[in-house]
Structures are given as structure tokens and as C-alpha cells.
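Undergrad: Before we start, here is the structure in question, set down as C-alpha cells.
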Ligand code: FAE
């Protein structure tokens, strides 16, 4: 695979087009195709365009994570965060705010384009990855294929057989999905926490299931044996993994650059999208430096525009474009259908004899699968809490079937895009998670932990999500293949296509849908 590099203008024609806006630079860099964002949707688009021989520029607002800091590492660990951890913050904002109600988790840091962002809206904040690879840099690597029946419920116009026969397998193969060895799982201290949660689930009569991951479990076993540098076994995850994880920069994006047709510009945030009189797309970007200062403005032109800026990024760009009139033909479903995938986090306190281990791998490999329970469908990921000491806490990220949806709207006064999600909508997820975990506590004579999420008695973290989904839902804001309605040659390939819920961790679905879109678009839309 080719090493990742960025090049300022490699492969692009600089043409002296008339600027669309007087205040902007006259020079416009043009490429046949532009991809905004380098997460799952963007990476699939870039690779398949590059393979088709189409010169493609990827614009990414975050950094390329390939240089080491003074500690010799590219990423910092979750237990000792520094400036590399979060996107322009003076203090980290980890999902677990406290431990024993003490502010032990978060640390002061200097502002820097760090790898994890927490985007705050009124009643919901959303964690996203920033950098070449998007969410793949910070996520837990859980590579879960949804149940066909639920996929079909969410995407009634998509051919399920084709998805499960072609696009899910293609996505999993490209992403490097593998599974923990069952024998090693049963014996290693690093997954004691998962076995303890499995026992509590079994005592309740609940089913658990192994969950595949993109972390290389062969590498992890070598970490445990002391023959490889520790990453998942050294507390690395939400601020990046220095080893072991097949993030997109090592899979799709490396292959995309290897085609010779793809270039990535980093630290360049697309601010607006419009159209020139000839129908080509015109993008304006802010170029930022390591202090976050805008040091320049870019203008780009393309024939084919692919939006892979994630549910938040793509929804924001399109809502703004519609409501400020730069793309007035976008329909009213742009910005709608957003949900949290029903995310709720919680902790349980185990009995003293049910230890979870001082040593915990950061990659989850097991979930409690109660999705088939029609009264209260929940899939709960058994999450690690690697504090480096025994704490008897079982942590979970519950994915509930919350039907609530919200919309993004453009606020003319501030020029910003708002999300209309309310606390009452999160309460629906909490009720469902509580119903399941009340059962688990009753069966095991255990209680919740009250000390993990800030305020004195907060049991359920209902104010953030890892799984923002929707905003440009397939078949509503777009046609059935991600072609944006009202704007020819404009495509969405990321999580904004998923209507707010998919029942499992979402990146395999996002990747497979992007593969499906690219196969169709390259066959039908880009032919000469
Ligand atoms: P994403 O990966 O978010 O990529 C969007 C990219 O666009 C980012 O690199 C942005 O910096 C960039 N961008 C945004 N706006 C602009 C702009 N205006 N101009 C230029 N660039 C822009 O989108 N999912 C799983 O399936 N399994 C897991 O175990 C899992 N764990 C997670 C843990 C954490 C802490 C987090 C935050 C997420 C987790 N997720 C997990 C969710 C998963 O990472 C997420 O669904 C995907 O990354 C979404 O993919 P997209 O392609 O939609």
C-alpha cells in the first residue's frame, strides 16, 4: 500500500476562472471530482473514483496523523491526554466525566487540531474524529453488520440480497475485519471485564454475541505476550491508536492514494458549496494552521462532488447551501431524519468477587443482544473502562431502538446550523436502556454506578452520542443511491444517509452503502 502523503496542488490544474465571489481569490483549482471529508464515506468514494481513473481531490479539515510528538508517538493515550487528544480545546471532554465523582479523567491541554472533537448542540453533543481517516482514527473498531430484517426496515428501497451478498462482504474485506480468538478471549486477563459482563447477562437469561473488529487480534495477542508495542493494551483508543488498528489511512485511503489519481488536502475546511453557471460545483474553504487561525481561503471547482463530511458535516454544508441560496434546489428533507442511534452509556457496580481486571483491552468484542425483544429492543456493547486498577465497574454503550428524530436548521442571525434534538428525545433511549439493565441488576443483585457522568446521581449518559446518523436520508434527501435530489452530479456517501438508527455500531453499514453508491454512480453517471 502506498504511504499516505499530502501534496499542496499535485495533479491539479490551476485555472484563472472568474471568481464566484469578489472577495475570494481569482485562482480556482479544479478537478473532475472532489470528495469532502476522509471518513468512511469519503474514503470509499476516493478509492473507487481513483480506481476508475478519475482525478480526485479530497478536502479534509483535520490533520494527517503521521508525525510523532516529543514522546515518539503519533497519538497520545486516553489516560495521559495532551494537545493531540482534542480538536482545539483547553481541557479534554471525555465521555466519562468523573470517577467516584472526582474530576480524575479530564486534563488541561493546549489548543491544537487534536483527533477527537465533541460538537455541542443545545441538548446533545456529538463525538467525531478529525483527521485523515475521520472516525476510524478514534473509534472502538467494532465492525458490526446489522440484522438484515432491521436493515430492510430502515432502507425499504434497497435490495437486501445485494447488500448482504455483495456490499457488506466487500466493505468488511476492505476494512480488514477480524475476530478475537475464542480460546484467547476465554483465558486472557485483558478481556476479564467482558467475561464478567457476559456472566451477568447470562444470569439474566440474555444472549451475548462476539463482535468483530478492525483491530488486528494477532497483533493484540503479541502485545499481551510482550512481543509487540502495546496500543489497545496500553489504554489507547479515543485519542487514536499508535498500533494494531486498521484505520482508513491504512486501508481505503492508502489504496486510494496508490491509484495515483487521488490527492488529499488537510487542514482545509469546506465552508460553502455552490454552483457555477455551467453547472459545475464551486467550493470555498478555510485553510487553518495549528492554532486554528484561518491563514487562507481556497476555491475549488469540480464536475462531480461527493460529500463524506459525516452526518454533521454534510448536513451542515447542505442545509446552509439550501437556506442561503447557493444550492436553492435542495429539497426540504435535507437536514431531516437525524438520530443518535439510540446511544446511552451506563455503568453497573459488580460484587467484589466479580472483578473486571486492572488490565483491560480498549477494543470491545462482545455485546448483549436483546434486539429481538419486540417490547424493548436493545443491543448493548460491553465497553472497557481501562483505568489501570480494579474498579469493579461494568460499562456499556446501549444502542436502543429510539424512534425519535430531529432536524438541522439554518440560523440566519448567527449564520450557524442548529440541531433540534431535545432532552426529552434522549429520555426515550434512557427508558429503554434502563428497562434492560434493571433486569440485569435484579438478576444479579447489583446496582448502577452513580459517579461516572458528572452530576451526583446521573446514571445514564444521555447527552452525547458516538453514532450521529441522518440529515440526508437515502431515498428522501437523495435518490436510492445517494444522488442528491435537485442537484445533478452531487452525491452523499456518509452516515447522513442512515435514518437515525441502524441497531448496531454503524461504520460497516456506512461503508457498504458507500460501496453501493459508488458502483452505481461509476457505472451510470461518469461515463463519457
Ligand atoms: P466521519 O468518519 O465522521 O468522517 C467525516 C470526515 O469529514 C472527518 O474526518 C471530518 O474531519 C471531515 N469534515 C467534516 N466537515 C468537514 C468540512 N466542512 N470540510 C472538510 N472536512 C470536513 O464520517 N462506529 C462503529 O461502527 N464501531 C465502533 O466501534 C465505533 N466507535 C466509536 C467510538 C467513538 C469515540 C466515536 C467518536 C465514534 C465511534 N463510531 C463507531 C462511529 C463511527 O466512527 C462513525 O459512525 C463513522 O466514523 C462515520 O463515518 P462517516 O463517513 O459518516
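Undergrad: Do any strands (runs of 3 or more DSSP E) lying entirely in segment 1-120 carry at least 1 residues that are within 20 Å of the chain's Cα centre (by Cα), within 16 Å of the ligand (Cβ to nearest atom) and modelled with pLDDT of 85 or more, and which ones are they? Walk me through it before giving the result.
TA: Working: elements: 13-15, 28-36, 56-59, 116-120.
Where strands (runs of 3 or more DSSP E) fall fully within segment 1-120 and carry at least 1 residues being within 20 Å of the chain's Cα centre (by Cα), within 16 Å of the ligand (Cβ to nearest atom) and modelled with pLDDT of 85 or more, they are 28-36, 56-59, 116-120.
Undergrad: Sticking with this one: Count, please, the residues in segment 465-490 that happen to be within 13 Å of the ligand (Cβ to nearest atom) and in a strand (DSSP E or B).
TA: Residues flagged as within 13 Å of the ligand (Cβ to nearest atom) and in a strand (DSSP E or B) within segment 465-490 amount to 2.
Undergrad: Okay, next question. Given the condition in contact with a strand residue (DSSP E or B) (Cβ under 6 Å, 6 or more places away or on another chain) and under 14 Å from residue 60 (Cα atoms), answer yes or no: does some residue in segment 236-251 qualify?
TA: Among the residues of segment 236-251, not one is in contact with a strand residue (DSSP E or B) (Cβ under 6 Å, 6 or more places away or on another chain) and under 14 Å from residue 60 (Cα atoms), which makes the answer no.
Undergrad: Out of all the residues in segment 341-382, which are more than 15 Å from the ligand (Cβ to nearest atom) and more than 25 Å from residue 101 (Cα to Cα)? First the steps, then the outcome.
TA: If we filter segment 341-382 for residues that are more than 15 Å from the ligand (Cβ to nearest atom), which is where we start, we get 346-360, 368-378.
Across segment 341-382, the qualifying residues are 368, 369, 370, 371, 372, 373, 374, 375, 376, 377, 378.
Undergrad: In addition: Tell me whether segment 276-291 contains one or more residues that are away from the ligand (no atom under 12 Å from the Cβ) and assigned to a strand (DSSP E or B).
TA: To start, the set of residues in segment 276-291 that are away from the ligand (no atom under 12 Å from the Cβ) comprises 276-282, 289-291.
With assigned to a strand (DSSP E or B) added as a condition, the list becomes 281-282.
Yes, some residue in segment 276-291 is away from the ligand (no atom under 12 Å from the Cβ) and assigned to a strand (DSSP E or B).
Undergrad: How many of the residues in segment 121-142 are within 8 Å of the ligand (Cβ to nearest atom) and more than 12 Å from the chain's Cα centre (by Cα)?
TA: Within segment 121-142, residues that are within 8 Å of the ligand (Cβ to nearest atom) and more than 12 Å from the chain's Cα centre (by Cα) number 1.
Undergrad: Something else about it: Can you name the residue in segment 145-162 that is within 16 Å of the ligand (Cβ to nearest atom) and within 24 Å of residue 46 (Cβ to Cβ) and is also surrounded by the most Cβ atoms within 10 Å (Cβ to Cβ) among such residues?
TA: Of all residues in segment 145-162, those within 16 Å of the ligand (Cβ to nearest atom) come to 145-147, 150-151, 154-155.
From what's left, within 24 Å of residue 46 (Cβ to Cβ): 145, 155.
Working: 145: 18, 155: 22.
Of everything passing the filter in segment 145-162, 155 is surrounded by the most Cβ atoms within 10 Å (Cβ to Cβ).
Undergrad: Which residue pairs have Cβ atoms under 6 Å apart, sit 6 or more places apart or on different chains, and have a first residue in segment 221-249 that is under 20 Å from residue 86 (Cβ atoms) and a second that is part of a strand (DSSP E or B) and modelled with pLDDT of 95 or more?
TA: Cβ pairs passing all conditions: 238/116; 239/116; 245/215.
Undergrad: Return the pairs, sorted by first residue and then second, in which the second residue is in a loop (DSSP other than H, G, I, E, B) and within 16 Å of the ligand (Cβ to nearest atom), the first residue lies in segment 447-468 and is more than 16 Å from residue 348 (Cα to Cα) and in contact (Cβ under 8 Å) with a residue 40 or more places away in the chain, the beta carbons are less than 6 Å apart, and the residues are 6+ apart or on different chains.
TA: Going by the 6 Å Cβ cut-off, the qualifying pairs are 465/340; 467/341; 467/506.
Undergrad: Quick check, is residue 462 modelled with pLDDT under 95, more than 16 Å from the ligand (Cβ to nearest atom), closer than 21 Å to residue 140 by Cβ and surrounded by 18 or more Cβ atoms within 10 Å (Cβ to Cβ)?
TA: On the way: modelled with pLDDT under 95: yes; more than 16 Å from the ligand (Cβ to nearest atom): yes; closer than 21 Å to residue 140 by Cβ: yes; surrounded by 18 or more Cβ atoms within 10 Å (Cβ to Cβ): yes.
Against the criterion (modelled with pLDDT under 95, more than 16 Å from the ligand (Cβ to nearest atom), closer than 21 Å to residue 140 by Cβ and surrounded by 18 or more Cβ atoms within 10 Å (Cβ to Cβ)), residue 462 qualifies.
The values are calculated or read from the model by the stated rules, or taken from the named source; none is laboratory data. For clarity, every value in this text was computed on a predicted model and none was experimentally measured. Every residue, glycine among them, receives a Cβ derived from its backbone with ideal geometry; neighbour counts consider all protein chains shown.
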